[in-house]
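Input: a single structure, listed below in C-alpha cells.
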Amino acid sequence: MSGGMLYGGDEIGALVFDPGHHSLRVGYAQEDTPKAEIPAVVGVAPDETIKLEPEVKPEESNVSSTPQNKYYIDTTFLHTPRPNMELHSYMKDGMIENWDMFEKILDYSYDKIIQSESQYHPVLFSESPWNHRQKREQLTEIMFEKYKVPAFFLVKNAALAAFANGRATALVIDSGATHTSAVPVLDGYVISNALVKSPLGGDYLILRAREMLEQIGIDLTPSALIASKDVVRDKDKPKFTKKKLSFQPSNSWMTYMVKKTVQDFQQSVLQVSESPYDERIVSNIPSVHYEFPTGYHQDFSSERFKLAEGLFDHAMLGAGYIAATSAGMCDVDIRPALYSSVVLTGGNSLVQGFSERLNRDLSLRTPSSARLKMIAANGTVERRFGAWVGGSILASIGTFQQMWMSMQEYQESGKSQIDRKCP
Ligand SMILES: Nc1ncnc2c1ncn2[C@@H]1O[C@H](COP(=O)(O)OP(=O)(O)OP(=O)(O)O)[C@@H](O)[C@H]1O
Ligand SMILES: [Mg+2]
C-alpha cells in the first residue's frame, strides 16, 4: 500500500480503541457508541486439549515442552468457572503494562468484534494523560509491525472527552475504576504539569462496600456459582444451592466475581449526598431495597451515603479538591475558561449525586467571581464512553485525515515519530 490519502476519507472505516482498567472500548469511528466493551482482564488456563494428542511427542511437534496456555476473553468466557483459570489485568496506573495479554485482547477485537483485518483500518488510540514515551512508542510499533495498520494516532483520553462534550478547552474530571483525575485541556492539548489525580474511583468504592457487606455478614457468592435459590423474606437467611463443580475456582477468579457482585450493588445502591455526610440528614432519605445473587435482600439507608462519601471527604484526594488544585496550577488567565467548562466523564461519575456534589465542593474552592459550569452528558453511555466518543468524532472529521501517522512515515522515520505527530 502506498502512502498518500488511501486511508483518508470514509471509504475505509477507522477504528477507535479506548483502554481502561475496567474495560477496553472498541468500535468504528463515526458511530455513536463503541461496538463492544471488553472487560480489561484475561483468563489464562492450561490448554487441556493438547493432552488429547499423546501420539505427538514434544520434540516432533512445534509445541515446546512447556505447557501451553489457553486465553479466555470477554464476559461470557470470564464468568464461566474453569479449572486453574487465573485472571490477569494488563493495565497498571492507567497505562498498558502487559503487552502479551493486551495483544490477546486486540486479536480478539479484530477477530470477533470488528471481524475484519487490521491492515485495512486506520487506528486511533486513547491514552492516559501521563502515558510514558516508551509505552507510546511500543504501542506504535505493535500497531504497525504486528497489525500492519495503514495509519495510527494517539490522543490523550481527557482531550477526547472534552471534545466529545463540544469543548477544546476544559477542565476534565474523569472518574474511572482505579482513579479520579483532574486534567486541564487547552485548545485540545493537555496541560501536563497541572494534572492532579487521586486513587479514589470505582474500585475504591467497591472495596469499601465489600468490607461493609462482609462485616454485616452478607454472603457475596456470585451468581455464576449459584444453581438455584428460593424466595425468602426481607432480611431472612438466604436459601440457595451452589453449582456442583469438580474443582475449586482460583482465588483470582473468585475475587473478580465477588467484585462484579459488589459492583452491581455499588451501581444500584450508592449515592453521594449533596453536602458532607450528616447522619441526621441522610436518614430521612428513602432507603433502597437490594437483592443479592443468593436471594438475600434488605433495605439500605444511611450506609448508601456513608460509603459514597469516601469519594469526597478526603482533605487532599476528594474530587472537588483535586479539581480546584488542578485549575489553581494553571495560568491565571486561562482559569476562567476552565471553570466555565468543567467536563465530567468516566463510569464512576455516574454514582448518583456525583456531579451535584462536585459542583458544590468545587464552587466552595473557586473565586466567587468565577462562573462555574459543569458539563456532564446525560446519557450513561456518553458519560462512560466519553473518550471513545471523542475519538470517534475526531477520527471522522475531514481536516483530521492529514494528521494520521502513516505506515510510510513509520517505515521512513520509525516509532519515535509518534512523539512528533502526536505530542
Ligand atoms: N451506572 C453506574 N453507576 C455507578 N458506577 C458505575 C456505573 N457504571 C459504571 N460505573 C463504575 O465505573 C467504573 C468504570 O469506569 P470507566 O469505564 O470510566 O473506567 P476505566 O476507564 O475502564 O478505568 P480507569 O479509568 O481506572 O483506567 C467502574 O468502577 C464501574 O463500577
Ligand atoms: Mg478511564
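Within the option set 281, 226, 218, being more than 21 Å from the chain's Cα centre (by Cα), modelled with pLDDT under 95, more than 16 Å from residue 351 (Cα to Cα) and surrounded by 14 or more Cβ atoms within 10 Å (Cβ to Cβ) holds for one residue only, 281. Residues of the stretch 305-328 that are aromatic (Phe, Trp, Tyr) and within 16 Å of ligand 1 (Cβ to nearest atom): 305, 312.
Considered as a group, the residues in the stretch 179-215 that are under 21 Å from the mean Cα position of the chain (by Cα) and among the small types (Gly, Ala, Ser) include one that is surrounded by the most Cβ atoms within 10 Å (Cβ to Cβ), and that residue is 182. Do you know which of the residues in the stretch 357-373 that are more than 16 Å from ligand 1 (Cβ to nearest atom) and outside any loop (DSSP other than H, G, I, E, B) is surrounded by the most Cβ atoms within 10 Å (Cβ to Cβ)? The extreme case among them is 362.
Under the condition of being touching a helix residue (DSSP H, G or I) at 6+ places or on another chain (Cβ under 6 Å) and away from ligand 1 (no atom under 16 Å from the Cβ), the residues counted in the stretch 329-350 number 4.
If you go through the stretch 108-128 and pick out every residue that is within 19 Å of the chain's Cα centre (by Cα) and away from ligand 1 (no atom under 14 Å from the Cβ), you end up with 5.
Looking at the stretch 344-356 only, could you name the residues that are under 23 Å from residue 157 (Cβ atoms) and not in a loop (DSSP other than H, G, I, E, B)?
Just the residues of the stretch 344-356 that are under 23 Å from residue 157 (Cβ atoms), to begin with: 344-351, 354-355.
Correct list: 344, 345, 347, 348, 349, 350, 354, 355.
Selection of strands (runs of 3 or more DSSP E) fully inside the stretch 196-311 by the criterion of at least 2 residues being free of Cβ contacts under 8 Å to residues at least 24 places away in the same chain returns 226-229, 240-242, 288-291.
The values are calculated or read from the model by the stated rules, or taken from the named source; none is laboratory data. Just so we're clear, the structure is a prediction, and the values are computed from it rather than from any experiment. Quick reminder, even Gly has a Cβ in these numbers, built from the backbone with ideal geometry, and neighbours come from all protein chains shown.
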